[in-house]
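Just so you know, all these numbers are worked out from the coordinates, no wet-lab data involved. Since we're looking at a predicted model, the values are computed, not measured. Glycine gets a Cβ as well: all are built from the backbone with ideal geometry, and neighbour counts include every protein chain shown.
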C-alpha cells in the first residue's frame, strides 16, 4: 500500500517537473543527455516520441533520493545567502565568507545548438583583494558506494573520468561563460549515498570545447535523420539501453 501511494506521488512530482521545465519546449535538446545516446536525443527532441519504457517503481524511488539530496544542498546555499545578506541570524561563522552569493537551479540555453538545461550551483566569489568576481560552476551527482569507490580509488592518482557527466556540465559552462563573461572553474560534487561522503572532481577546461563540438556533431547527425546503431555514440555504453525510456520504440540489438 505505502509503496503504491509513494509511487503515485512520484508520478505526480515528475509530471509537475515536466510541465514546469519542458512544456512547449520539447524540441530543444536536454543538456543532461550529453554523451549518452544520439538516438535517444533524436527520439526525445526531434521525433518527440512518447516514452515506451518509463522508470519502474524502484528506479523512480532511486532517482527521487538524488532529487532530495540536490534540494537539501541547494536549500543550505539559500540559507547561506540569507546569512550573508543579514536576512538570517546565525551563531557560527562560515569559513567560506569570500563567497558573495550562490545561484541555484538556473536555466541555460544555447540557441545555436538548440540545447537547454538547468545547472545546479554557481558561486560568485570575491578575489583575495575583493576587487574581482570569480564565477564557479558546480553540479551535484549522487552515487552508489561501489561507483564512488571506483571513481575515487586510492590507487588512482586522478579520479576516473566520466565523459557524459563532464560534457553535461561543460554544456552549462558554455552558456554561463557567455552570460557571465568569465568562468573560473567547473566541478562535480559526488555524494556517496551509502555513507554521505562528498568529494569534488574538477572538470578540465578543455571540455568546454569538447561540449561545443559534441553538440555541433549531434545537430549535423540529426539533420540526416535517425542515427544508426553504433556503440560509442548510439548508445555510448552497452548498458544505456536498459535504462532508456525509448527502448521498445528503438528496439536495439544486444551490444554485449
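General observations
- Sequence-distant contacts, meaning Cα pairs under 8 Å at least 6 residues apart, place the relative contact order of the chain at 23 percent.
- Principal-axis tilt of helix 206-222 within the chain, Cα atoms, nearest 10 degrees: 30 degrees
- Both the radius of gyration and Dmax for the stretch 1-74 are 13.9, 39 Å, in that order, over alpha-carbon atoms.
- Sorted ascending by nearby beta carbons within 10 Å, beginning with the fewest, 215, 146 become 146, 215.
- Using a simple spin-label model with pseudo-atoms 7 Å out from Cα toward Cβ, residue 63 and residue 47 lie 1.9 nm apart.
- Estimated purely from DSSP H runs of n ≥ 4, each contributing -39500 (n - 2.57), the mean residue ellipticity at 222 nm for the chain is -12500 deg cm²/dmol once divided by its residues.
- Extents of the stretch 2-250, largest first, come to 56, 47, 45 Å (Cα atoms, principal axes, whole angstrom).
- Modelled spin labels at residue 249 and residue 178, positioned 7 Å past Cα toward Cβ, are 2.7 nm from each other.
- Between the helical axis of 163-180 and the longest alpha-carbon principal axis of the chain there is an angle of about 50 degrees.
- Sequence-separation-based contact order of the stretch 150-220, relative, with Cα cut under 8 Å and 6+ spacing, percent: 28 percent
- Residue 23/residue 101 FRET efficiency (R0 30 Å; Cβ-Cβ; nearest 0.05): 0.55
- Here the spin labels are modelled as points 7 Å beyond Cα on the Cα-Cβ line, and at residue 200 and residue 149 they lie 2.6 nm apart.
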